[in-house]
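**Student:** Sharing a structure here in structure tokens format.
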Amino acid sequence: MLTWTNSIKALQDMLSNAKRVLVVSHMNPDGDAVGASLAWRSYLRAAYPNMEVRVAFPNKFPEFLRWIEGAEQAMAYTDKKEATLDYIKNCDLIFCLDFNDLSRLEALGEALAAHSAPRVLIDHHLQPSEEFDLVFSDVSMSSASELVYHIVVALGGKPLLAKGAAEALYVGLMTDTGSFSFGVKTPKTFRMAADLMELGIDKDEVASKVYDSYSEKRMRLLGYCLHRKMRVFPKQKAAYISLSREELDEFCFQPGDTEGFVNFPLSIKKVALSALFTESQDKTHIRVSLRSKGKILSVNELARKHFNGGGHFNASGGKYFDSLKNCEAYFENILKNELYL
Ligand code: 5GP
Ligand code: MN
């Protein structure tokens, strides 16, 4: 493992030789995936005017992130497969942001696995895989966006961060910390937020664009989840919500509509573990989101052990390859037999 200074030097060398750069982030991109990627793109374009830089995600990202600078030019592999592959073919440097394993890119990851261009990881998840040539991995970072910011500063690029890039970084910081209520592990995170304000962001406006953006259907879906679908297990201090495709369709589900729903049961004083199960569109699997409160239960371990996934200590995700009913039964079984919260 290189020291920070040597990693920055190696990155500088890579950047000075790169002509066509790809920035990618994970499936079902969230605020940090999109914020970090678009901010990194904005910085690279400002610092290296002759470099071609494009951002690609495995699938589309939610509407409430579409206002961020550069969002319109980003490619979604599920939507623009040919155009994405065409760009990827001749790129000479690949940045992987906010994930730790190429499998998180699904089909796009397969397209990249055989690519000869060096891969640089910029991430804050536990246990990165060995698929990367240069690794910036720091679990003390609140978000990939925070790590991007520190890298930009180390490269001497802070003066090049315009308002659009600062807004993108703030989106990542704000969304990955639940508006600074969890995941802030060092005072540096608040210093960065202060720096972003000095760079001209209007933090209230950014928060409003991200959070006050529900469609009526989405708000009603949330109400339905909490009123009708949340199951609470007081003895196990746990709760879960499960949603079938039919239920999602009834509320005209759009990508991102269930973002954040898994956190709501944790607002119940005695609930320390929350899960959200949503049936995939093709009904081949169940998407699993897990959250825990406090320092006792690692949902990263839970996701790794039971749901082919991973993530952070208090926030993780994965998949379950069977029916929704069986997923519920499987989870209840885990609650009853394994977890003594
Ligand atoms: P979410 O529940 O919001 O989809 O994801 C929460 C956290 O878990 C994120 O940090 C995300 O990167 C991670 N995560 C979500 N799904 C998966 C997955 O399928 N595999 C792995 N390894 N991590 C995941
Ligand atoms: Mn993140």
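Since every read-out is calculated from the coordinates, none of them should be taken as a lab result. Everything quoted here is computed from the prediction, not taken from an experiment. Note that we place each Cβ from the backbone using ideal geometry, even for glycine, and neighbour counts take in every protein chain shown.
**Student:** What whole number of Å gives the distance from the Cα centroid of the range 84-156 to the Cα centroid of the range 233-304?
**Tutor:** When both Cα centres are located, 27 Å separates them.
**Student:** As a footprinting exposure proxy, order 95, 180, 313, 61 by other Cβ within 10 Å, with the fewest listed first.
**Tutor:** Values: 95 28, 180 13, 313 17, 61 24.
Going from sparsest to densest Cβ surroundings: 180, 313, 61, 95.
**Student:** Sort 240, 320, 87 so the one with the fewest other Cβ atoms within 10 Å of its own Cβ comes first.
**Tutor:** Details: 240 24, 320 20, 87 16.
Least crowded to most crowded, the residues run 87, 320, 240.
**Student:** Quick one: what do you get for the chain if you divide its Cα Rg by 2.2 N^0.38 Å?
**Tutor:** Values: Rg = 19.8 Å, N = 341, 2.2 N^0.38 = 20.2 Å.
The chain yields a ratio of 0.98.
**Student:** Just subtract the alpha-carbon distance of residue 140 and residue 339 from 0.36 nm times their residue separation and send over the number in nm, one decimal. Before the final figure, lay out the partial values.
**Tutor:** Values: separation 199, 0.36 × 199 = 71.64 nm, distance 2.66 nm.
Stretched fully, the residue 140-residue 339 segment lengthens by 69.0 nm.
**Student:** Quote the relative contact order of the chain in percent (integer), defining contacts as alpha-carbon pairs under 8 Å separated by 6+ residues.
**Tutor:** Working: 629 pairs, mean separation 44.6, N = 341.
So the answer I get is 13 percent.
**Student:** Which of 26, 115, 312 has the fewest other C-beta atoms within 10 Å, and how do the rest follow up to the most? Walk me through the numbers on the way to the answer.
**Tutor:** Numbers: 26 28, 115 14, 312 21.
Least to most surrounded, the residues fall as 115, 312, 26.
**Student:** Ignoring everything except DSSP H segments at least 4 long, calculate the 222 nm mean residue ellipticity for the chain; use -39,500 (n - 2.57) per segment, divide by total residues, nearest 500.
**Tutor:** Numbers: 12 runs with 129 residues, N = 341.
It lands at -11500 deg cm²/dmol.
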